Amino acid sequence: MAEPIRIAKGILVPAAALEWRAVRSSGPGGQNVNKVVFKVDLRVDFGGVSGLTASARARLKALVTGRLGADGRLLVTSQRTRDQLRNLEDARDKVKKLVERAMKAPRPRRLTQPSRGAVERRLQQKRVRSTVKRVRQAGPDDE
């Protein structure tokens, strides 16, 4: 059983929500490639994460939507190193960063209007483009 992942004060991914297993890694490995198992698959049930606000939970759900397995749990893999425990720590760190990212509320967009110069440049480019199209529409026979 894995240890719980402590994200911040009061926010915890309990050990019951984590399940990991070592699987055979892809890529080069020489003679050890078929004998040694380094890659780690960490499955996380985000329903068990305690301490998240409703808005943070919604952001987390939006962040992990494409990475969910058929059972509705997040699958995080790591095969960065050739050491199983380091890969497990790397996968746990990925989960921690994902939850921290979901906890941070996005900055609200400040509505602005384009400057007078920007409007004038846009209109000038439209006039130039219009002229080019008008000249092309006349065709070579009309000259």
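The values are calculated or read from the model by the stated rules, or taken from the named source; none is laboratory data. Not measured: the values here are computed from a predicted model. Cβ coordinates were reconstructed from backbone atoms using ideal geometry, including for glycine residues, and neighbour counts include every protein chain displayed. These area figures cover heavy atoms from the full protein model, side chains too; ligands, DNA and RNA do not enter into them. Shrake-Rupley method; radii C 1.70, N 1.55, O 1.52, S 1.80 Å.
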L60 is checked against (1) farther than 20 Å from E3 by Cβ; (2) surrounded by fewer than 16 Cβ atoms within 10 Å (Cβ to Cβ) and fails just one. What number does that condition carry? (2)
Flag if G66 is open to solvent by 50 Å² or more (accessible area, probe 1.4 Å) and of a type outside the set (D, E): yes
Being open to solvent by less than 60 Å² (accessible area, probe 1.4 Å) and out of contact with any Leu (no Cβ under 7 Å at 6 or more places or on another chain): is that true of G48 here? yes
Positions within the range 81-103 being open to solvent by 100 Å² or more (accessible area, probe 1.4 Å) and either at pLDDT 85 or above or closer than 14 Å to W20 by Cα (or both), in sequence order: L85, R86, E89, K97, R101
Based on this model, can you work out whether S130 counts as out of contact with any Lys or Arg (no Cβ under 6 Å at 6 or more places or on another chain), surrounded by 10 or more Cβ atoms within 10 Å (Cβ to Cβ) and of a type in the set (G, A, S)? yes
Taking the range 54-104 as the region of interest, how many residues are in a helix (DSSP H, G or I), over 21 Å from I11 (Cβ atoms) and over 15 Å from the mean Cα position of the chain (by Cα)? 4
